[in-house]
Amino acid sequence: MTKPRIRHKRISILTGSDLSVRRLALIEHDSGKEGPIVWLTACIHGDEVGGIAVVHEIFSFLKKYPLLKGKVLAFPILNAMAFEVGIRDIPITNEDLNRSFPGSAKGTVGERAAYKILNTILESRPSLVLDLHNDWLRSIPYALLDSGKIESKDSYKIALKTGKEIKLPLVKEPFSAKSDELVNKTLAGNLLLNDVPALTLELGTSQIVDEKQVSFGVYIILEILKSLQMIEINLRPPDDIKTDLSEKIYTYSDKPYFSQTGLIRFLIKPGQVISQGKPFARLYNIFGRLTETLLVERDSLILGHNDSSVGIPGNPVAAFAQV
Ligand SMILES: [Zn+2]
């Protein structure tokens, strides 16, 4: 039997014009015993920085309380190039890395990175992958699950079961003609297609590490490791984040949108439960005249609202977990 240990690895993805090598950092905690293999991935969108801190906290926990069995692996930062300039997409190509899967060894910058990420994860034959994202500034934490053709797969059923067990609202992407198209391009979607259970955790605010959301994310992940019998510690839930879990599975929607430009005044707070037909945002023109009021389309839990009060036609105003 080998002793538990933490290893750091670096996987090359691209050589820069200054001949520096851009690499993917990988952290691995191996218990030395057979068991589940759980992956954490963070910062696939460069401005979603909170997940990096969650990964750091999980590994410092494991240093103190090593796994009883199995392995935890992590890519703490999937999109370092975007992280360094504080933006969502890969700066030199404007690609959304989470729309570049399954990727290609000879493709664009995004496709090359996606190819390395996906294949490194698949080679380890994981039991579960948790992809850590962040959302608008005041968003509440929630778990997001893909929809479409993957719903018949066992990997999807395991991800759904995990999502139902954790103390977060579980939000499913709405089923539409575009569902399968989206699944084909995202990391979580490609993992599910390759028979790996994968769940996206949206842990509050982008741009800045929100310590409350970090503690919440760490708690959720440790609870999952506990349910897999990889750790054996009684965890106290953080009491400062409350989400309404009266309904457990919701459908995601960011509609309706304003049809004109103006100043948005929000009538809602993230975390609030709101009924169909209630007004949630008003739009004013520059003379202060009310030009449009948006109404909630279905009974919903408010996940968050836009970080900007500039109303633009076709831009999401708020995100809803519809009952
Ligand atoms: Zn994201």
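The values are calculated or read from the model by the stated rules, or taken from the named source; none is laboratory data. Note that this is a predicted model, so its numbers are computed, not measured. Backbone-built Cβ (ideal geometry, glycine too); neighbour counts: all protein chains shown.
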*Can you tell me which residue among Ser155, Ser147 is among the hydroxyl-bearing types (Ser, Thr, Tyr) and in contact with a Phe, Trp or Tyr (Cβ under 8 Å, 6 or more places away or on another chain)?*
Ser147
*Hey, does the stretch 169-176 have a residue that's hydrophobic (A, V, I, L, M, F, W, C), within 13 Å of the chain's Cα centre (by Cα), more than 16 Å from the ligand (Cβ to nearest atom) and surrounded by fewer than 23 Cβ atoms within 10 Å (Cβ to Cβ)?*
yes
_Pairs, first assigned by TED's automatic domain parsing to the domain that holds Leu168 and away from the ligand (no atom under 12 Å from the Cβ) in the stretch 187-213, second among the aromatic types (Phe, Trp, Tyr) and part of a helix (DSSP H, G or I), C-beta under 7 Å, six or more apart_ = Leu192/Tyr156
*asked:* Looking only at the stretch 54-69, how many residues end up being surrounded by fewer than 21 Cβ atoms within 10 Å (Cβ to Cβ) and either touching an Asp or Glu at 6+ places or on another chain (Cβ under 8 Å) or under 20 Å from Lys3 (Cβ atoms) (or both)?
replied: 10
_Residues that are of a type in the set (Val, Ile, Thr) and under 22 Å from Asp135 (Cα atoms), at least 2 per element: which strands (runs of 3 or more DSSP E) completely within the stretch 220-323 meet that?_
249-253
*asked:* Can you tell me which condition Ser155 does not meet? The list is (1) buried (at least 23 other Cβ atoms within 10 Å of the Cβ); (2) modelled with pLDDT of 95 or more, and all the others hold.
replied: (1)
*Give the residues of the stretch 294-323 that are out of contact with any Phe, Trp or Tyr (no Cβ under 9 Å at 6 or more places or on another chain) and hydrophobic (A, V, I, L, M, F, W, C), sorted by residue number.*
Val310
*Here are some residues: Arg22, Arg10. Which one is among the basic types (Lys, Arg) and without any contact (Cβ under 8 Å) to a residue 40 or more places away in the chain?*
Arg10
_All positions within the stretch 134-191 that are part of a strand (DSSP E or B) and touching a Gly at 6+ places or on another chain (Cβ under 7 Å)_ = Asn134, Asp135, Ala143, Leu145, Leu170
*Out of (1) farther than 27 Å from Val109 by Cβ; (2) surrounded by 17 or more Cβ atoms within 10 Å (Cβ to Cβ); (3) free of Cβ contacts under 8 Å to residues at least 60 places away in the same chain, what's the single condition that is false for Val38?*
(3)
*Elements of type strands (runs of 3 or more DSSP E) in the stretch 1-113, at least 1 residues being more than 16 Å from the ligand (Cβ to nearest atom), more than 19 Å from Leu132 (Cα to Cα) and not β-branched (Val, Ile, Thr)*: 5-15, 21-30
*Out of curiosity, is Phe216 aromatic (Phe, Trp, Tyr), under 30 Å from Arg125 (Cα atoms) and either without any contact (Cβ under 8 Å) to a residue 60 or more places away in the chain or not in a loop (DSSP other than H, G, I, E, B) (or both)?*
yes
_Of everything in the stretch 117-142, what is within 15 Å of the ligand (Cβ to nearest atom) and either free of Cβ contacts under 8 Å to residues at least 24 places away in the same chain or farther than 28 Å from Ile13 by Cβ (or both)? Give them in sequence order._
Trp136, Leu137, Ser139, Pro141, Tyr142
